[in-house]
Amino acid sequence: MKDTVKDLKERRSIKKYQDRQIEEEDLQEILRAGMNAPTGMGMQSPVMAVIQDKETILKLSKMNAKFLGNESIDPFYGAPTVIVVLADKNRPTYVEDGSLVMGNLMNAAHALGIGSCWIHRAKQEFESEEGRELLRQWGIEGDYAGIGHCILGYQDGETPKAKPRKEHYIYRV
């Protein structure tokens with residue numbers, strides 16, 4: 001149990017990756033952790049699209065950069081795996097459900113020695129016609145909203161230091 005708490009405290013967003021794919025066994029463990037995230041009323045509104053194809057990742061990166069307003073960068077930092085988390089907009093807890101999946105993915109990755117980072121703008125990407133077309137191509141049907149991209153890969157370099165925790169983070173009543 002103490003290892004879990006240690007992992008939760010030590011996980012950081014990784015923004016520099018080695019140029020090698022993560023092991024399939026580790027990917028499957030990470031995905032199982034995502035599938036076991038709590039969801040409102042146990043309705044499991046999220047779905048995950050796993051992308052490891054460089055061409056598709058590049059396409060998503062360009063779409064994401066466009067919504068960021070800086071098309072000259074790679075918002076995915078060269079990560080070899082991207083998991084797009086989407087959730088069914090018809091569930092009242094879809095944002096929370098998808099966010100919990102994202103948290104589980106990142107924490108499981110850290111526990112396995114794999115770097116991760118939550119990349120935003122999935123909402124805008126998959127509201128666009130280009131994004132909806134990608135979902136159709138991937139066989140994802142329904143009224144899904146993009147929650148986030150969980151990028152994964154083996155870290156290249158030092159682990160970023162944690163920022164000091166702010167004062168008044170906790171109020172006891």
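The values are calculated or read from the model by the stated rules, or taken from the named source; none is laboratory data. What you are looking at is a predicted structure, and each value in this text was computed from that prediction instead of being measured. Note that each Cβ is placed from the backbone with ideal geometry, even for glycine, and that neighbours are counted across all protein chains shown. Accessible surface is based on the protein model in full, side chains and every heavy atom, while ligands, DNA and RNA are left aside. Shrake-Rupley method; radii C 1.70, N 1.55, O 1.52, S 1.80 Å.
Here are a few things to note about the model shown:
- Cα gyration tensor shape of segment 119-171, rounded if a/c is under 1.5, else prolate or oblate by comparing a/b with b/c: oblate
- Distant-in-sequence amide H partners of Tyr17 (H built 1.01 Å from N, under 5 Å): Asp156
- For segment 8-50, the Cβ-based charge dipole about the Cα centre amounts to some 360 debye (Lys, Arg positive; Asp, Glu negative; other atoms uncharged).
- Estimated dipole of segment 57-173 in Debye, rounded to 20 [Cβ of Lys and Arg +1, of Asp and Glu -1, Cα centre]: 460 debye
- Per-residue [θ]222 nm for the chain (sum of -39500 (n - 2.57) over DSSP H runs n ≥ 4, rounded to 500): -12500 deg cm²/dmol
- Gyration tensor (alpha-carbon) shape descriptor, segment 27-91, a/c threshold 1.5: oblate
- Solvent-accessible surface of segment 50-173, taken per residue with a 1.4 Å probe and all protein chains present: 58 Å².
- Of the residues Gly113, Asn90, Ile57, the one whose Cα sits farthest towards the positive end of the charge dipole of the chain is Gly113 (charges of +1 on Lys and Arg Cβ, -1 on Asp and Glu Cβ, taken about the Cα centre).
- Counting every alpha-carbon pair across the chain, the share separated by more than 19 Å comes to 58%.
- Cross-link table Lys89/Lys166; Lys15/Lys166; Lys6/Lys62, entries beyond 30 Å C-alpha to C-alpha: Lys89/Lys166; Lys6/Lys62
- Surface composition of the chain: carbon plus sulfur atoms contribute 50% of the solvent-accessible area (1.4 Å probe, protein chains only, all chains present).
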